[in-house]
Amino acid sequence: MSVYNTEISNSFIGQQVRKRRLLLGWSASTLGKKSGLSQQQISRYERGTQNFTIYRLCIFANILECDLNYFLGHETDLGYPL
């Protein structure tokens, strides 16, 4: 059974989104186009000024090709997302 940190903030999740986006070599504009959001909206998510919903996290996980656990700070022993 997984134990989740209940203190994870929008800012932390946003940093994870940005980290994954940059790992893929994408601009915020590219992620915006793939997710149907503006570059400005992506920026708000990444800065943590926009609240994340489970729905939006699922969309980002699918587009960024990572597991939801990645956004919560859980990574495999190999150092890449589950």
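Every read-out reported here was derived from the displayed coordinates using simple, explicitly stated rules and does not represent laboratory data. Just so we're clear, the structure is a prediction, and the values are computed from it rather than from any experiment. Every residue, glycine as well, gets a Cβ built from its backbone with ideal geometry; the counts of neighbours run over all protein chains shown.
If you take the Cα Rg of region 10-71 and divide it by 2.2 N^0.38 Å, with N the number of residues, what do you get?
Values: Rg = 10.0 Å, N = 62, 2.2 N^0.38 = 10.6 Å.
In units of the 2.2 N^0.38 Å rule of thumb, it is 0.94.
Hey, fewest Cβ within 10 Å first, where do I54, I8 land in order?
Numbers: I54 8, I8 14.
Fewest-to-most Cβ neighbours within 10 Å comes out as I54, I8.
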At 7 Å along the Cα-to-beta-carbon direction for both S11 and T53, put a label point, then send me their distance in nm to one decimal. 2.5 nm
